Structures are given as C-alpha cells and as structure tokens.
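A short worksheet on the structure shown next.
The values are calculated or read from the model by the stated rules, or taken from the named source; none is laboratory data. Everything quoted here is computed from the prediction, not taken from an experiment. Here Cβ is always computed from backbone atoms with ideal geometry, including for glycine, and neighbour counts include all displayed protein chains.
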DNA sequence: GTCTATAAGGTGATAGAC
DNA sequence: GTCTATCACCTTATAGAC
C-alpha cells in the first residue's frame, strides 16, 4: 500500500496495527520485521516508533485489544438463564467471532510465548476471564441438573479447544456455511455435556 | 551441556535434533538461531552443518520424524473392531502420546507456517493420514449404528482439536493424573458421538 | 509526521585450518 | 569432526534533519 500524503497520527496508528496483525498472523511475530510492517503501511521503519514504543508493546496491544473486545462483545449478549440455551449462545458466538477475526485469534493463541513474562500475565488474566464465562454456564447447568459434567474446568477447556479448531480448517465458500458448521459443533458440545436437544 | 571429546556423528546428530526440538518448542523456529542450538550441544555454529544441510531441513526432519513415529506406533495398536472400544483406544492413545512428546507435538502444530510450501505438503500428507485413522473408526461406528455423527470429517477434526487441548494446560503432578484426564476426555468424546457407555 | 543515517549487534551459511 | 574467521545481510531502535 502506497503512502498517502495526508497521513496523520489518527489514521496511521490503526493502519500500523492492521498491517502488524496481518503480517504476524501470517508469518509469526519473530519472523516479521519492523521494516516489513512499515513497508506494508508505506512508511520507513523509524516512523513506526511514533505509534508504538517497541515491537513487544505492539504485540501486546494486538492481543490485549482483541481479548478486551471479545469480552466486551460477549458481555453485551443477553443470556436466558437456561443453561442449555446459554451454552448454545456461547458456542455459536465463539465460532462466529473467531471466524470474523481469524488473524487476531491466531495471534492470541500462537504468540503467547513471545510475550515478556509481565505481558503474558496481562493476557492470561483476560483469557481466564473468558474461560470463566463458559465455566459459569457449565456450573449453572450442573447445579440445575441440565448437564452431566464431572469437572467443569476441564469441560470448559475441552469445549473451547474443540471450537477453536474450526479456525484451522474453515475456508469461506467451502462445503459448509458458518451456520451449518456452528450447528454441527453445537450438537457435539451439547451431547458432550449430556444436555437434551432443547425441544423437550 | 559441555562438549564431550568423544563426540561422533552417530551421537552428535541426535543431540543436535534434541536441542533444536527443545529450543524451538520453547521459543519458536524463527526466534531460535543456529548459534543457540549449537551452544546447547556444545558446538560452534558451523559444525551443525555436518548434521543438517540448513535450518529449514532441520525443522522438516523434526516434524516428519514425529509424525512418522506417531503413525508407526498407532499402526501397531491392536484394534477390536468394536467402534466404541476402538474410539476409546484412539482417545487414550492420542492423549498419552501427546503428553509423552509435548515438544514434538507443539512444533508440529505451531511451526507449519515456517515450512516451505514443498515441505508443508510433506507434513500435511502425514497429518491427514493420522486424521484418516480416526475418521475410519467414526465411519465404522456410523455404519454399524454405534455412533450418531452427521459429518465424520468434522467430527474427526473436532475430536482431535479437543484432545490436543490437553497439552496446553496439563502439568505433571497437578490435580489429575494422566489416566484421570484421559477418562474425562474419553467420556466427553464418547457422548459427543452419541455412543453408549460400553457396559450395555 | 516522516525521512535518512546510523549504532550496535545478530543472522544463516561457507571456507579452510587442524 | 570441529573450530575459527568471514561474507553479506538483516535486526531493533534512536538522533537529528526537514
């Protein structure tokens, strides 16, 4: 992308983060240089440091923004209080939002080891918060007798791992639509926790 | 590790691959230098090129060796012909072998994007072969009426993703033994494909 | 707000001594 | 079988011009 003469802080900053997100998702944090990111935006490498103090902070910001956005959007979802229905809402939301922001999701899972210990802790707290949202639904289901789950912590981890898997193979325009995929995965999740089919 | 005077090709080669596996699993292929790998074995960087033509081939060999070993060990497992029992064998085998070689598994999933297109294809063929093993069990189960699965390809991917998740959180000496974890995951998998509990 | 130039050091890979 | 020295190049980050 060629540099536009009218570039200013407010527009260039987001462009830098978008370019970094795309490149890091494709090649990995360690494999992408500040020069490559700058070139993608149409800048020289030195100019990037107007928008981030260093490369590490740029990575942290991508992951932090993603997870905070995920938590915010989820928190706005209206829940029904019926564990089975809420679990379905969670599964469909997770698959849908993962597919919508595949690059950010990929980075959040793949680049954890490239964070400094302090930054890792920041991200871990957010990740655990999201996991707890699912675990709460599972706890509700177990307490009300809707679900049969021996360990809600493990079940939450297992379900999220299973749903995350979609991103590794799903391609737009393939054999199945997003909704068809979500329906199949929801069915597997539903049965894995011993829930009825919701039509009883 | 200090260099031993008696080092020869036959012992140093494996040591180089072990060091590379450990370091790449921890920091990532792009982040690890040939100098670091050499230092871990007690060599100078130049000496590594007696054991690999280049860094890329070293990565390929780690991934290829791992997948070929996985397929070989699996192929030696005796199957019963009862889909439910065979699915249980697969689940327990997968969790067990993933935990036994966590570094190799991690690399095989995380470093795919650092392979050249040709090498990627080599690894993809092996990965799909392993997936097909699970899919065959699912097909058998659907055909014999043991399982209720709308799409065996998706189910195979979903199950493997779920089982792979164990490696991201399991730590030796934690709350649950390997067998306890495997039992809980097997129970979730079993129900997700609509199989009975095997005591009927 | 962006550029050019530069510092200080790391990179994969090879040549030739021993 | 391994080392030292080296090539050509890339890296992050900063300083100062414009």
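Can you say whether residue A:87 is within 12 Å of DNA strand D (Cβ to nearest atom), surrounded by 13 or more Cβ atoms within 10 Å (Cβ to Cβ) and within 14 Å of chain B (Cβ to nearest Cβ), as far as the supplied structure shows? So residue A:87 fails the test. Close contacts from the stretch A:32-60, counting a first residue that is within 20 Å of residue A:118 (Cβ to Cβ) and a second that is in a loop (DSSP other than H, G, I, E, B) and more than 6 Å from DNA strand D (Cβ to nearest atom), with Cβ to Cβ under 7 Å and a gap of 6+ residues or different chains, come to A:56/A:116; A:58/A:52; A:59/A:29; A:59/A:111; A:59/A:115; A:60/A:115. Surrounded by 15 or more Cβ atoms within 10 Å (Cβ to Cβ), in a loop (DSSP other than H, G, I, E, B) and either more than 10 Å from chain B (Cβ to nearest Cβ) or in contact with a strand residue (DSSP E or B) (Cβ under 8 Å, 6 or more places away or on another chain) (or both), is that true of residue A:147? Against the criterion (surrounded by 15 or more Cβ atoms within 10 Å (Cβ to Cβ), in a loop (DSSP other than H, G, I, E, B) and either more than 10 Å from chain B (Cβ to nearest Cβ) or in contact with a strand residue (DSSP E or B) (Cβ under 8 Å, 6 or more places away or on another chain) (or both)), residue A:147 qualifies.
The condition of being more than 16 Å from DNA strand D (Cβ to nearest atom) and out of contact with any strand residue (DSSP E or B) (no Cβ under 6 Å at 6 or more places or on another chain) does not hold for residue B:17. From (1) within 16 Å of DNA strand D (Cβ to nearest atom); (2) modelled with pLDDT of 95 or more; (3) surrounded by fewer than 16 Cβ atoms within 10 Å (Cβ to Cβ), pick out the condition that doesn't hold for residue A:48. (3) is the only condition that residue A:48 fails. The criterion of being crowded, with 18+ Cβ neighbours inside 10 Å and away from every other protein chain (no Cβ under 14 Å) holds for residue B:67.
When B:81, B:28 are checked against the criterion of being over 17 Å from the mean Cα position of the chain (by Cα) and either within 16 Å of DNA strand C (Cβ to nearest atom) or away from chain A (no Cβ under 14 Å) (or both), a single residue qualifies: B:81.
Residues considered: B:108, B:156, B:104, B:132. Of these, the only one that is surrounded by fewer than 14 Cβ atoms within 10 Å (Cβ to Cβ) and more than 8 Å from chain A (Cβ to nearest Cβ) is B:132.
Filter the stretch A:167-192 down to the residues that are more than 8 Å from chain B (Cβ to nearest Cβ) and under 23 Å from residue B:190 (Cα atoms) and list them by number. Those that are more than 8 Å from chain B (Cβ to nearest Cβ) and under 23 Å from residue B:190 (Cα atoms): A:180, A:182, A:183, A:186, A:190. Which of the helices (runs of 4 or more DSSP H) contained wholly in the stretch A:9-126 include at least 2 residues that are closer than 26 Å to residue A:170 by Cα? Where helices (runs of 4 or more DSSP H) fall fully within the stretch A:9-126 and carry at least 2 residues being closer than 26 Å to residue A:170 by Cα, they are A:9-27, A:55-75, A:83-100, A:102-110.
Quick one: in the stretch B:31-54, which of the residues that are within 12 Å of chain A (Cβ to nearest Cβ) and either at positive phi or within 7 Å of DNA strand C (Cβ to nearest atom) (or both) is farthest from the chain's Cα centre (by Cα)? Working first, answer last.
Going residue by residue through the stretch B:31-54, those that are within 12 Å of chain A (Cβ to nearest Cβ) are B:31-33.
Add one more test, that the residue is either at positive phi or within 7 Å of DNA strand C (Cβ to nearest atom) (or both), and what stays is B:32-33.
Numbers: B:32: 21, B:33: 24 Å.
Out of the qualifying residues, it is B:33.
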